Amino acid sequence: MRDTKIREFSDLDAWKKAHEVVLFIYRITKTFPRDELFGLTNQMRRAAISAESNIAEGFGRNTAKDKQHFFAISKGSLLELQSQSITARDLEYLPRDEWAQLRMILLDATRLCAGLVRSAQDHT
């Protein structure tokens, strides 16, 4: 029988999906125009890293209120990325098929993160 106990942040499905977001964002932003390096490229990368990092930080917090706070920040960063990805698509930096793939990953990540927020709320 497999041990499914969550022992560290990287065991969380939400963190795994957020990590997938980070890898996807870094891969696609490599193709963005060079003049976007300190604009949209940087913003999207920072939002992706924020989402992943805040899940990890929330996991390490001791109180449910602290956990909820960091998980909510993570969810906000994922929503920020959803908006930025639409901008990237509309500027034709991101092909529609890649945008559709990213959209699905972001929706999954946001849903999982919302679950962490709810779970932390239930324990306050």
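The values are calculated or read from the model by the stated rules, or taken from the named source; none is laboratory data. Just so we're clear, the structure is a prediction, and the values are computed from it rather than from any experiment. Virtual Cβ from ideal backbone geometry, glycine too; neighbours counted across all protein chains shown.
Things to note:
- Residue tally, condition in a helix (DSSP H, G or I) and touching a residue at least 12 places away in the same chain (Cβ under 8 Å), over the range 87-106: 9
- Of the set (1) over 9 Å from the mean Cα position of the chain (by Cα); (2) within 20 Å of residue 7 (Cβ to Cβ); (3) part of a helix (DSSP H, G or I), all apply to residue 62 but (3).
- Answer residue from the range 65-86, given it is more than 10 Å from the chain's Cα centre (by Cα) and either outside any helix (DSSP H, G or I) or among the hydroxyl-bearing types (Ser, Thr, Tyr) (or both) and is surrounded by the fewest Cβ atoms within 10 Å (Cβ to Cβ) among those: 83
- In the set 80, 52, only one residue is touching a His at 6+ places or on another chain (Cβ under 7 Å), in contact (Cβ under 8 Å) with a residue 24 or more places away in the chain and not aromatic (Phe, Trp, Tyr); that residue is 52.
For (1) surrounded by 14 or more Cβ atoms within 10 Å (Cβ to Cβ); (2) of a type in the set (S, T, N, Q); (3) modelled with pLDDT of 95 or more; (4) closer than 16 Å to residue 80 by Cβ, each residue gets a yes or a no:
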position	(1), (2), (3), (4)
6	no, no, no, no
9	yes, no, yes, no
12	yes, no, yes, no
18	yes, no, yes, yes
23	no, no, yes, no
45	yes, no, yes, yes
48	yes, no, yes, yes
